[in-house]
Amino acid sequence: MLTIPLIRLEHQGSLDIDAAVPADDPAWEGTDFHFSGSLLVSGQAFWIPSGDVLVRLRLRGVLLQECRRCLAPVDVQVDERMELFFRPANGSEELEGDSFRPLPHGAMEVDLLSAIREEFVLSVPMLVLCAPDCRGLCPRCGRNLNEERCVCSAEELDPRWDVLRALYKKRD
């Protein structure tokens, strides 16, 4: 758990954050993210006299993904910066805009991990390439066209399109 003690933050005005979120942390469940090591989290939290909390973070690590064309493993370097704003929720008062996260009344600490997970999921590219000129897989035989030539005939017709070809011929 990555938390900030609010009483200490209010007393000191700011706190440094330096933590590592393990690759197997339950926070990543359901995301299909696989890391080669821990996600390093560093930054600062600031107490704002109105009771708001501003957190500036930098996330660094290596995310393991698959190339969208050839399915080869790709190490994606993660270096994300984010700002999180927390505002006390007074029950009757709604938070202004989407930029603030609610801070429960009487909370003693702020859990950053759920907010980090949410922001991280939205910021990481879902589709990556192993190389800009990746040729992908042959749709017929499945060979990796980056490694070897395909022996499939370009003139072979895909049988899945036979019904549409028949409709086209019928039209003429």
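Spin-label pair Asn90-Leu54: with each label point 7 Å from Cα along the Cα-Cβ axis, the two points sit 2.1 nm from one another.
Remark: spin-label model distance Ser99-Thr31 equals 2.4 nm, labels positioned 7 Å along the Cα→Cβ axis.
The gain in end-to-end length when the Arg143 to Ala72 segment is fully stretched comes to 24.4 nm, 0.36 nm per residue minus the alpha carbon separation. Compute the angle between helix 113-123 and the longest alpha-carbon principal axis of the chain, please, reported from 0 to 90 degrees and rounded to the nearest 10. For 113-123 against the chain, the angle is about 40 degrees. Taking every DSSP helix (H) stretch of at least 4 residues in the chain, weighting each as -39,500 (n - 2.57) and dividing the sum by the residue count yields a mean residue ellipticity at 222 nm of -4500 deg cm²/dmol.
Among Asp162, Asp18, Asp79, the largest mean-square fluctuation in a Gaussian network model of the chain, built with springs joining Cα atoms closer than 10 Å, belongs to Asp162.
By the count of neighbouring beta-carbon atoms within 10 Å, fewest first, Val124, Val55, Val163 end up ordered Val163, Val124, Val55. Between rounded, prolate and oblate, where does the chain land on the alpha carbon gyration tensor, with a ≥ b ≥ c its root eigenvalues, rounded for a/c under 1.5, else prolate if a/b exceeds b/c? Since a/c reaches 1.5 and a/b is larger than b/c, the shape of the chain is classed as prolate. Between Pro73, Pro159, Pro49, the GNM of the chain built on Cα springs shorter than 10 angstrom shows Pro159 fluctuating the most. Out of Leu129, Leu9, Phe85, whose Cα points farthest toward the positive end of the dipole of the chain (charges: +1 Lys, Arg; -1 Asp, Glu; placed on Cβ)? My answer, from the dipole projection, is Leu129. Contact order, relative form, for region 3-123: 24 percent (alpha carbon pairs under 8 Å, 6 or more residues apart, mean separation divided by residue count).
Laboratory data are not the source of any read-out in this text; all were calculated from the coordinates shown. In this text the structure is predicted, and so the values were computed from the model without any measurement. With ideal geometry, Cβ positions are generated from the backbone for all residues, glycine too; neighbour counts draw on all protein chains shown.
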